[in-house]
Amino acid sequence: MKNRALSMRYAKALFELAEKQKLEINVENDLRTFLTAVKKDKADVFFESPLLTQDEKKVILQKLLKGRTSTLIMNFLFLLTASKRFNLLGSIADAYHELLNQSRHFEEIVITTARPLKPALRESLEKMIAKKLGEKVISQSKVNPSLLGGISIQIRNRLFDGSLRTQLNLLKKQMIGLATD
């Protein structure tokens, strides 16, 4: 929880600077690209290593990023390495993504069904949810055969579970409750 709050503070500061420079989307893309490369090459260990000085890390970062990213991102990464917070980069990128979505009035949702949704039904659900939320909806569809049927929708940290599996489990609990009474 402490890391989440700290990551959000870094993300807010970065977002405010990006907004002033009108680079919000570019900054997110640069963050994600850098994060993907670091994870792929397992370079995060290098940036968190106490064996290298901050100056050495800064020189290497400059060589890696010069001409490939904005000065804002480069300075931000320098700050993270200097303050020994590089391990928070992934959660900072996630928090930044949330802030960007909020500023654009987007809401991400996850729709889970037992079988793949037909595009028309998915679109209809997106429109209905967007109308209820008053925001644009970005949906991600997942298939989970263990639901048996029905639908489960996650919005922010809330789960609306209308799956057949959940309904059957509720019925089972009720029947067990009646049997023990």
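Within segment 124-173, count every residue that is touching a His at 6+ places or on another chain (Cβ under 9 Å) and of a type in the set (Gly, Ala, Ser).
1
With Ala130, Ala93 as the choices, which residue is surrounded by 12 or more Cβ atoms within 10 Å (Cβ to Cβ) and in contact with a strand residue (DSSP E or B) (Cβ under 6 Å, 6 or more places away or on another chain)? Give the derivation first.
On the way: Ala93 fails: in contact with a strand residue (DSSP E or B) (Cβ under 6 Å, 6 or more places away or on another chain).
That would be Ala130, the only listed residue that is surrounded by 12 or more Cβ atoms within 10 Å (Cβ to Cβ) and in contact with a strand residue (DSSP E or B) (Cβ under 6 Å, 6 or more places away or on another chain).
Somewhere in segment 28-47, is a residue surrounded by 12 or more Cβ atoms within 10 Å (Cβ to Cβ), in contact with a helix residue (DSSP H, G or I) (Cβ under 6 Å, 6 or more places away or on another chain), over 30 Å from Glu126 (Cβ atoms) and not β-branched (Val, Ile, Thr)?
yes
Condition first: touching a Gly at 6+ places or on another chain (Cβ under 7 Å) and either modelled with pLDDT of 85 or more or of a type in the set (Val, Ile, Thr) (or both). Can you find one or more residues in segment 40-63 that meet it? So that I can check it myself, show each step before the final result.
As a first pass, look at segment 40-63 and keep what is touching a Gly at 6+ places or on another chain (Cβ under 7 Å): none.
Checking segment 40-63: not a single residue is touching a Gly at 6+ places or on another chain (Cβ under 7 Å) and either modelled with pLDDT of 85 or more or of a type in the set (Val, Ile, Thr) (or both).
Contact list please: Cβ distance under 6 Å, first residue in segment 54-73 and in the same structural domain as Leu31 (by TED's automatic domain parsing), second residue at pLDDT 85 or above and of a type in the set (Asp, Glu), pairs at least six apart or on different chains.
Thr69/Asp30; Ile73/Asp30
Which numbered condition in (1) touching a residue at least 40 places away in the same chain (Cβ under 8 Å); (2) within 30 Å of Lys2 (Cβ to Cβ); (3) of a type in the set (Gly, Ala, Ser) is the only one that Ala114 fails?
(2)
Among the residues of segment 113-124, is there at least one that is more than 20 Å from Ile25 (Cβ to Cβ) and in a strand (DSSP E or B)? Before you say what the answer is, go through the steps one by one.
Restricting attention to segment 113-124, the residues satisfying the condition of being more than 20 Å from Ile25 (Cβ to Cβ) are 113-124.
Then keep just the ones that are in a strand (DSSP E or B); that gives 113.
Yes, because at least one residue in segment 113-124 is more than 20 Å from Ile25 (Cβ to Cβ) and in a strand (DSSP E or B).
Let me spell it out: the conditions are (1) out of contact with any Asp or Glu (no Cβ under 6 Å at 6 or more places or on another chain); (2) farther than 22 Å from Arg156 by Cβ; (3) surrounded by 15 or more Cβ atoms within 10 Å (Cβ to Cβ), and Gly67 meets all of them except one. Which number is the exception?
Here Gly67 clears every test but (3).
Under the condition of being surrounded by 14 or more Cβ atoms within 10 Å (Cβ to Cβ) and free of Cβ contacts under 8 Å to residues at least 40 places away in the same chain, which residue from segment 74-89 is farthest from Lys20 (Cα to Cα)?
Thr81
The values are calculated or read from the model by the stated rules, or taken from the named source; none is laboratory data. Quick caveat: nothing in here was measured; it's all calculated off a predicted structure. All Cβ positions, glycine included, derive from the backbone under ideal geometry; neighbour counts span all protein chains shown.
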